[in-house]
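Data block below; observations after.
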Amino acid sequence: MSRSISFLEFLNYIRARPRWSYDAHWRLQVDFLPDDHSNITFGSVRNLPGLLASVGIGEEIKSHNPSYGGKVTSKGLGKFAKTLPQKLSDENLEDYGDFLSDECLEILNVLYGDDIRLYDEMIAS
């Protein structure tokens, strides 16, 4: 690519490719799981220290991601969905919902529906 892309363009880029060709960062989580989901434990990144402690990893792990801990409190406002990254530098990005337009949510539900369904099943049980 000769330029950066918006979040919506990124989702459309992924959607235009066959699922088997996704980069490991974009692949569905269910692609990494065995077919038998009986031994799966779910945790939330909102409680990352507790999740790490539950698998025996201590405080020495630090997050270097400046967006760690960001929240999605608005659903589908999407005011930045079509904004290029270089235009975001002066914006207040406290809420990831600002990237989630209705169109983005629709695409995410299609792309990652299997992950969403499995998560819902595991939380319900």
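Quick look at the numbers
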quantity: Accessible surface of residue 117 - all protein chains present, 1.4 Å probe, nearest 10 Å²; calculated: 130
quantity: Largest-first ordering by accessible area, 1.4 Å probe, given options 102, 114, 120; calculated: 102, 120, 114
quantity: Inter-label distance, nm, simple model (7 Å from Cα along the C-beta direction), residue 13/residue 29; calculated: 2.4
quantity: Length released on extending from residue 21 to residue 86, taking residue separation times 0.36 nm less the Cα-Cα span; calculated: 20.6 nm
quantity: Extension reserve of the residue 36-residue 115 stretch, reckoned as 0.36 nm per residue once the Cα distance is removed; calculated: 27.0 nm
quantity: Extension gain, residue 5 back to residue 53 (0.36 nm per residue minus Cα-Cα distance, nm); calculated: 13.6 nm
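The values are calculated or read from the model by the stated rules, or taken from the named source; none is laboratory data. Keep in mind the model is a prediction, meaning the values are calculated, not measured. Backbone-built Cβ (ideal geometry, glycine too); neighbour counts: all protein chains shown. Heads up: the accessible areas ignore ligands, DNA and RNA and are worked out on the full protein's heavy atoms, side chains in. Shrake-Rupley method; radii C 1.70, N 1.55, O 1.52, S 1.80 Å.
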